[in-house]
Amino acid sequence: MGYVRGILIAAAVWGLTGCSSEVTDPQPGQPVATRQKLFKAMLREFEPMGVMLRQGPFEAEQFVGHWRRFAELADQPWPLFRADTCYPPAKVTPQACSDLSGLQQRAETFRAAVAQLGEQVAALEAEGGSSGTSERRVAVKQAYDRVYDACQECHRGYRKK
């Protein structure tokens, strides 16, 4: 009975280790795990902005805070895409590593959209107030949507489904 119990406990512990959200990346500097963490951090800032724009309430000060943190992260994952980073746990197609110039073009499209959103956020800040004008919010939403579209374009071309 004790032997069976020990095997069951060992099996349970072994099974739970597979539930860990920590990504194992064998390469020095952990480029895959690092870029995954960066993209997750970006999403944690990007999505609340979208919720405010789609559903409200829109709080300009909170939106700007999310924007600043998102903008700080926006350039960081791209250098971590290299020809030698298509191993598990990467969630990219082999094309992401074989078509680095195409990936970089999409990254530039993303950066340009991020810059446009930044211009709209700066204009929102300049207006002051807690919610901005409805015209400004429309412009911010359009710029946000361009960033979202740039993300999706890259996902369609280079992310495993």
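Observations on the structure shown:
- Considering the conditions (1) surrounded by fewer than 16 Cβ atoms within 10 Å (Cβ to Cβ); (2) under 30 Å from PHE58 (Cβ atoms); (3) hydroxyl-bearing (Ser, Thr, Tyr), TYR144 is excluded by exactly one of them, (1).
- Residues in segment 78-108 that are loosely packed, with under 15 Cβ neighbours inside 10 Å and of a type in the set (Ser, Thr, Tyr) were compared, and the one that is farthest from CYS154 (Cα to Cα) is TYR87.
- Members of segment 118-141 that are of a type outside the set (A, V, I, L, M), without any contact (Cβ under 8 Å) to a residue 60 or more places away in the chain and either within 24 Å of TRP78 (Cα to Cα) or surrounded by 14 or more Cβ atoms within 10 Å (Cβ to Cβ) (or both): GLY118, GLU119, GLN120, ARG136
- Of note, GLY157 does not satisfy the criterion of being at positive phi and surrounded by fewer than 17 Cβ atoms within 10 Å (Cβ to Cβ).
- Selection count where residues are without any contact (Cβ under 8 Å) to a residue 40 or more places away in the chain and surrounded by 14 or more Cβ atoms within 10 Å (Cβ to Cβ), scope segment 52-68: 4
- Answer from ALA115, ALA150 - the residue that is surrounded by 16 or more Cβ atoms within 10 Å (Cβ to Cβ), assigned to a helix (DSSP H, G or I) and under 18 Å from the mean Cα position of the chain (by Cα): ALA150
- From GLN76, GLN62, residue being under 14 Å from the mean Cα position of the chain (by Cα) and polar (S, T, N, Q): GLN76
- Total residues in segment 22-60, condition on the phi > 0 side of the Ramachandran plot and in contact with a helix residue (DSSP H, G or I) (Cβ under 6 Å, 6 or more places away or on another chain): 0
Read-outs throughout are calculated quantities, based only on the coordinates presented, and are distinct from any laboratory measurement. For clarity, every value in this text was computed on a predicted model and none was experimentally measured. All Cβ positions, glycine included, derive from the backbone under ideal geometry; neighbour counts span all protein chains shown.
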